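Quick notes on the structure that follows.
The values are calculated or read from the model by the stated rules, or taken from the named source; none is laboratory data. Bear in mind that the values here come from a model prediction, so they are computed numbers and not experimental data. Backbone-built Cβ (ideal geometry, glycine too); neighbour counts: all protein chains shown.
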Amino acid sequence: MDVVFLIGRILFAAIFIGSSVAHLTDRGAMAGYAESRGVKPGQPAVWVTGGQILLGGLSVLLGVWMDVGAILLALFTLSAALLMHAFWRDKDPVTRQQEMTQFMKDISLTGASLILLFLVWELGDATPLTITDPLFDVD
């Protein structure tokens with residue numbers, strides 16, 4: 001069963017690592033989109049979030065302080081949902097639907113991050129196939 005947990009971590013981390021590459025290599029377009037959604041200044045926000053999801057994704061993938069990685073990813077996805085994909089502000093029906101889809105994806109990923117955080121804290125040093133134990137001891 002350990003391998004199932006590892007495969008799940010790999011698949012979960014892939015979206016964040018891939019997105020971090022886009023954040024860090026296409027900063028201009030990402031910053032422009034962020035600013036169009038009301039996040040100013042866009043360039044620093046893209047740098048910070050790109051680093052945040054890269055660190056969080058690698059933490060989960062490699063099993064290094066996975067609790068910290070899960071927290072970083074949960075904070076990113078929740079803030080992205082609320083700030084970047086606030087579909088209720090859009091008047092155009094097509095844009096509204098696209099942003100609602102992204103909002104729901106981010107809310108779902110927030111939930112998955114919190115489930116991962118729970119599992120890591122619950123299992124502690126028995127978390128399978130990890131390099132380190134959780135950073136925080138919540139017993």
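Worth a mention:
A quick yes/no check of all residues on (1) surrounded by 12 or more Cβ atoms within 10 Å (Cβ to Cβ); (2) modelled with pLDDT under 95; (3) not in a helix (DSSP H, G or I):
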| residue | (1), (2), (3) |
| --- | --- |
| Val3 | no, no, no |
| Ala13 | yes, no, no |
| Ile17 | yes, no, no |
| Val21 | yes, no, no |
| Leu24 | yes, yes, no |
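- Residues in the stretch 81-98 that are closer than 12 Å to Arg37 by Cβ, touching a Phe, Trp or Tyr at 6+ places or on another chain (Cβ under 7 Å) and outside any loop (DSSP other than H, G, I, E, B): Ala81, Phe87.
- Single residue of Ala34, Ala22, Ala29, Ala45 found to be out of contact with any helix residue (DSSP H, G or I) (no Cβ under 8 Å at 6 or more places or on another chain) and under 18 Å from His85 (Cβ atoms): Ala29
- Unique residue being surrounded by fewer than 17 Cβ atoms within 10 Å (Cβ to Cβ), of a type outside the set (Gly, Ala, Ser) and closer than 18 Å to Ala22 by Cβ when the list is Pro44, Pro93: Pro44
- Within the stretch 73-84, tally of residues that are out of contact with any Leu (no Cβ under 6 Å at 6 or more places or on another chain) and crowded, with 21+ Cβ neighbours inside 10 Å: 4
- Under the condition of being part of a helix (DSSP H, G or I) and either modelled with pLDDT under 95 or under 21 Å from Leu129 (Cα atoms) (or both), the residues counted in the stretch 54-80 number 17.
- Considering only residues in the stretch 70-114 that are of a type outside the set (A, V, I, L, M) and within 9 Å of the chain's Cα centre (by Cα), the one that is nearest to Asp2 (Cα to Cα) turns out to be Ser113.
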